[in-house]
Structures are given as structure tokens and as C-alpha cells.
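Asker: Structure incoming, see below.
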Amino acid sequence: MTWQEKAIRQVRETLEPTQADALVHYMKAVSSLKGSESVFRRIAEAQAEDIGAIWDYFAEIRFGLRFAGLQFDVRFEPLGRKGPDLSVSRNRQSAYVEVKRLRPRAKGDQLVSRGSDENELVQYGNPEMAVKTIEDELLAKFGQVNVGIGIVAFWSDSITFEDIEFELAIRHIQRDEEKGIHRVPDGFLFSIYASGWTSTGGQQLYCSALKPVSQPFSTWMEELRAARAT
């Protein structure tokens, strides 16, 4: 039995049928990409009770498919299991991609509640905490992408993390770098935020850089912004 077959079995035994069908579709779509067996192996070996880990690995698959859809050559675990999650290359330019799924927080933070008036929406979640979480996660990833030219990609499947909080986290790090509090690695290109939700303008992927980005990487950012999340 291949790692893909084992991963499919794990997903079908662990998740609800509708969710499992969707993820199996992603696995079949990504199977032609280099190194995909490595992520299938991690899914297959995930503990059944740690459903979050399985969704984490699918964040990598989603970004792999998105880059492949933009005609990048994609490889999973290009430097082994302890290295970056992906490498992407096109027209002789390449970068490593480190993926982080923003896991949902406490249940009470995930739901939109209503006031006494059924048309009145009460603010949900904790925006300040969400911004701080994204900021901390991005700073933590600097070391992992500091092996060359790097990108950090965030996937959110929780309404407690949104694109505006991603943008605020970027601004905070820029401010702190100007003050000498943080140092952005020379090879860090930009960060991506994506989710399954579409803005009123039809956007699903957001890209922000901490420093000026040269070509062709600025074009990569524009293409990602115009793309649909997988």
C-alpha cells in the first residue's frame, strides 16, 4: 500500500464523509507534484485524535496546488522533513515556502453571536490577540526560511483570523524592524494569507512584504493576489 493510499484511509477513518471526500480530492490532485509522498506519509502517520494535524498538512497541499496552478514547479519537503515545507520555482527563480495553518482558538471565539435585536451583530473573537498570534508565528518562521530566499504562507479556516489582522501584524513587524527590535532575514520575500472565504471584491489570497520586493517576485505577489485559493 502506498503512502497516498494509507493517507486516504486515515482521512476516511478520521473525518466526516463530506470533509474526507474533499480532502481525498486534494490528495489526488497533488499526487503528481514532486515529494507529495512525504506529506501523504505525515497524514498517514498522524494520530487519529489529532485532527488538527491532518488539517495542518492540508494547508501545505492547498498552497502547493495554488503555486502549481500558477505554473510553478513545486516540491514538498525539498530539504527533508525538518526543512521548509515547499520549494517553488519558475523561470530559473526559486524560493522556499514555510506554511502555517492558523488553528481555531476556543469555541467561544469562533462563533458570531447576536444581541437582543436579531439584526444586531456582536463583535466576535479577539482582534488584538489574533494580530499578536500572526505576528508571533511569522517571527518564529524567520529561522526556518533563512536558508535562502523564503516565503511564509498562512492558511486560516477560522473566522477569528482575517486578512485585516494579517495586514496589521505585518505593519507591527515593519515598525519594530525600523526601531531595531526585530531583524527581517535578507532572504525573506513576503508573506501570504489565504482562507476559504472570498472578499466582496473576490479576493482570497493576500500578500504583504516587509521590505521592497524586486522582480520577478513582485510579479509573483500580484499573481497570487489575483488567484483563487484552492
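Asker: Look at the range 104-134 and say how many of its residues are modelled with pLDDT of 85 or more and either open to solvent by 20 Å² or more (accessible area, probe 1.4 Å) or in contact with a Phe, Trp or Tyr (Cβ under 7 Å, 6 or more places away or on another chain) (or both).
Answerer: Count: 7.
Asker: On to the next question. Can you go through A59, A44 and tell me which one is in contact with a helix residue (DSSP H, G or I) (Cβ under 8 Å, 6 or more places away or on another chain) and open to solvent by less than 30 Å² (accessible area, probe 1.4 Å)?
Answerer: After ruling out the rest, the residue left standing is A44.
Asker: While we're here: Exactly one of these conditions fails for R92: (1) open to solvent by less than 30 Å² (accessible area, probe 1.4 Å); (2) free of Cβ contacts under 8 Å to residues at least 12 places away in the same chain. Give me its number.
Answerer: Result: R92 fails condition (1) only.
Asker: Return the residues of the range 181-230 that are in contact with a strand residue (DSSP E or B) (Cβ under 8 Å, 6 or more places away or on another chain) and hydroxyl-bearing (S, T, Y); say none if nothing qualifies.
Answerer: Across the range 181-230, the qualifying residues are S191, Y193, S195, Y206, S208.
Asker: Here is a follow-up. V145 is checked against (1) under 25 Å from P78 (Cβ atoms); (2) in contact with a Leu (Cβ under 8 Å, 6 or more places away or on another chain); (3) among the hydrophobic types (A, V, I, L, M, F, W, C) and fails just one. What number does that condition carry?
Answerer: That leaves (2) as the condition not met.
Asker: Find the residue count for the range 135-173, including only residues that are modelled with pLDDT of 95 or more, open to solvent by 10 Å² or more (accessible area, probe 1.4 Å) and under 25 Å from Q93 (Cβ atoms).
Answerer: 1
Asker: Here's something else I'd like to know. What is the number of the single condition among (1) hydrophobic (A, V, I, L, M, F, W, C); (2) open to solvent by 10 Å² or more (accessible area, probe 1.4 Å); (3) modelled with pLDDT under 95 that V184 does not meet?
Answerer: (2)
Asker: Still on this model: Which of the residues spanning the range 187-215 are at pLDDT 90 or above and open to solvent by 40 Å² or more (accessible area, probe 1.4 Å)?
Answerer: Result: K211, P212, S214, Q215.
Asker: Does S32 fit the bill of being open to solvent by 70 Å² or more (accessible area, probe 1.4 Å) and among the small types (G, A, S)?
Answerer: Numbers: open to solvent by 70 Å² or more (accessible area, probe 1.4 Å): yes; among the small types (G, A, S): yes.
When the stated conditions are applied, S32 passes them.
The values are calculated or read from the model by the stated rules, or taken from the named source; none is laboratory data. Everything numeric here is computed off the predicted structure, so don't read it as measured data. Cβ atoms come from the backbone with ideal geometry, glycine included; neighbour counts cover every protein chain shown. Just the protein is used for accessible areas: all its heavy atoms, side chains included, with ligands, DNA and RNA removed. Shrake-Rupley method; radii C 1.70, N 1.55, O 1.52, S 1.80 Å.
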